[in-house]
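Only one structure is covered here, and it is reproduced in the block below.
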Amino acid sequence: MLYLTYILLALSAGTEVEKIIPDFVVYKVMPQVGYIRDHCIVCVVEIKRSHMTEGKARQRMTEYLIHTAQHPSRDENLRAYLVMADRVVPYRLEVEEGNWVVRQGGAFNMFAAGDQFTRGLGRIAIRYWN
């Protein structure tokens, strides 16, 4: 079963305190021996306000993914989505020659025909279906 976790951030007068925590982390609970459960991160979604500059939002998403790379249990090719108003920028975290590489796809309108955002999330759900 996939779970969507909303991580509450420390707030100060309605703004985030400097934290390296994305808005949403989608993870798969993997049963282990006994009562232990492994939580495998399969997707990250970050939603940015429209007044934030695109460059700063993209830089922040890269920081989130590099930070997430340190998690002991995550998808080998972690997918992420940066949502800015009606635009979505897809990301992928990969290992290349022993180093973490953040790959950024082209931005698209989430309301355009074909809805790449829903299809991308659907592919993740299918991959981790029980």
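Each residue of the stretch 30-35 was assigned a 3J(HN,Hα) from its phi angle through the Karplus curve 6.51 cos²θ - 1.76 cosθ + 1.60 (θ = phi - 60°); the sequence is 10, x, 10, 4, x, 9 Hz, with glycine and proline shown as x. Neighbours of Ser73, meaning other residues whose beta-carbon lies under 13 angstrom from its beta-carbon, give a summed charge of 0 when Lys and Arg score +1 and Asp and Glu score -1.
Listed values for the stretch 118-127 are Karplus-derived 3J(HN,Hα) couplings in whole Hz (6.51 cos²θ - 1.76 cosθ + 1.60, θ = phi - 60°), namely 5, 5, x, 5, x, 4, 5, 4, 5, 4, and x replaces Gly and Pro.
What's the local net charge at Met110, with K and R +1, D and E -1, over the other residues with C-beta under 12 Å away? Spelling it out: positives minus negatives among the neighbours equals 0. Ranked by the mean number of other Cβ atoms within 10 Å of their residues, highest first, the peptides 65-73, 110-118 fall in the order 65-73, 110-118.
With a Förster radius of 25 Å applied to the C-beta separation of Gln59 and Asn109, the computed FRET efficiency comes to 0.70. A Förster radius of 41 Å combined with the Cβ-Cβ distance from Ile36 to Arg87 puts the calculated FRET efficiency at roughly 0.55.
Throughout, read-outs are computed from the coordinates displayed, never taken from laboratory work. All values derive from a computational prediction rather than experimental measurement. When we count neighbours, we look across all protein chains shown, and the Cβ atoms used for this are built from the backbone with ideal geometry, even at glycine.
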